[in-house]
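Beneath this line is the structure, given in structure tokens, with notes to follow.
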Amino acid sequence: MVATTRFDLELTMDSGQTPTFTWMKIGSQHYKKIGGGHEIRLGENKELQPSKGFEKQSREMLRLDDDLQGIYKKISRGNKVLQSAVAEYSGLRLTKSDAWETTVCFLVSQNNNIARIKKIVSGLHGKTGIFSPLEILEADLTPLKLGYREEYLKKTAELICENGFSLPKISKLGLIDAREALMELPGVGPKVADCILLYGFGKTNAFPTDVWVKKAMQEYYGIKSEKQIQEFAESTWGENAGFAQQLLFLKARKEL
DNA sequence: CCCCAGGCACAGC
DNA sequence: GCTGTGCATGGG
């Protein structure tokens, strides 16, 4: 496949993006889709080796058409924080997964830790992959101990199945309109919406702000309020804000 | 017992 | 509009 320099599959797949919750680690550079059968690994020369029939999807998921070097160079110019982050995480790629899958993952993610999110999302898979909205409606989810998030998931599935709520339609909207539309879903606030926009729709101008990114923005840039954070990200990084966010998330979790 | 985790809904200003 | 509080669950 594509010869990509400085591509770290493990770093990418374990970086808290959607694949962290929907792929199983087989080896450090070898992953398998939960309930799906697709596999992906990185060879000796950093060449991507997707299993048969997954070639095209893997390109999309790992966003291989991004000029990552160029983007990282651009967003770190004159920015010491991102310079150090890029130096440390140069093998990190942004990912793009299925919108529904991403919605499920980040509905579950709220006020929760990554290990438990993984466990729960894994339990939300059937033989063919993650539960469809209909399967969510019909399943008994109580053994998964979702807590108050179970109702969010059920009601979201219901809106999609019975009330014509359409994720594909929302994906066609601009950032602001799409964000507002997603927030009509129960359990979807600004942060979860931004994760769906970035990791599920591929809108790279989205800037999800969780507790870690919030810490990063305060510590590195002296910015506190949600509104200021969004404005800063938009004016500083624009269409590449999502890339900056992923770097800041990793940096904050390590340092702060 | 406490606090925290890739937050949100809701109430009260 | 912004700010505080309760929330299921599990881990440290």
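The values are calculated or read from the model by the stated rules, or taken from the named source; none is laboratory data. Please read these numbers as outputs of a predicted model, since none were measured by experiment. Note: ideal-geometry Cβ built from the backbone for every residue, glycine included; neighbour counts use all protein chains shown. Just so you know, the surface numbers come from the protein's heavy atoms only, side chains and all, with ligands and any DNA or RNA stripped out. Shrake-Rupley method; radii C 1.70, N 1.55, O 1.52, S 1.80 Å.
Filtering the range A:240-253 for residues that are in contact with a Cys (Cβ under 7 Å, 6 or more places away or on another chain), near DNA strand B (Cβ under 10 Å from one of its atoms) and not assigned by TED's automatic domain parsing to the domain that holds A:Phe106 leaves an empty set. Among the criteria (1) within 15 Å of DNA strand B (Cβ to nearest atom); (2) over 26 Å from A:Leu94 (Cα atoms), the one A:Val192 does not fulfil is (2). Within the range A:71-89, restricting attention to residues that are among the charged types (D, E, K, R) and in contact (Cβ under 8 Å) with a residue 40 or more places away in the chain, the residue that is nearest to A:Tyr220 (Cα to Cα) is A:Glu88.
Out of everything in the range A:141-156 that is open to solvent by less than 40 Å² (accessible area, probe 1.4 Å) and either more than 8 Å from DNA strand C (Cβ to nearest atom) or of a type in the set (Asp, Glu) (or both), what residue ends up being farthest from the chain's Cα centre (by Cα)? Result: A:Leu141. The helices (runs of 4 or more DSSP H) found wholly in the range A:41-131 and carrying at least 2 residues that are at pLDDT 95 or above, in the same structural domain as A:Gly189 (by TED's automatic domain parsing) and open to solvent by less than 10 Å² (accessible area, probe 1.4 Å) occupy A:99-109, A:114-123.
For the range A:160-167, the count of residues that are open to solvent by 30 Å² or more (accessible area, probe 1.4 Å), within 16 Å of DNA strand C (Cβ to nearest atom) and among the β-branched types (Val, Ile, Thr) is zero.
Within the range A:173-211, the residues that satisfy the criterion of being in a loop (DSSP other than H, G, I, E, B) and under 17 Å from A:Glu239 (Cβ atoms) are A:Leu173, A:Gly174, A:Phe201, A:Gly202, A:Lys203, A:Thr204, A:Asn205, A:Ala206, A:Phe207, A:Pro208. If you go through the range A:162-187 and keep only what is among the basic types (Lys, Arg) and either away from DNA strand B (no atom under 13 Å from the Cβ) or not assigned by TED's automatic domain parsing to the domain that holds A:Ser109 (or both), you end up with A:Lys169, A:Lys172. Residues that are within 7 Å of DNA strand C (Cβ to nearest atom) and closer than 16 Å to A:Glu151 by Cβ within the range A:103-120 comprise A:Asn111, A:Asn112, listed in sequence order. For the range A:225-243, how many residues meet the condition of being within 16 Å of DNA strand C (Cβ to nearest atom) and either part of a loop (DSSP other than H, G, I, E, B) or open to solvent by 20 Å² or more (accessible area, probe 1.4 Å) (or both)? Qualifying residue count for the region: 8.
What about A:Asp8, is it among the acidic types (Asp, Glu) and without any contact (Cβ under 8 Å) to a residue 60 or more places away in the chain? In short, no.
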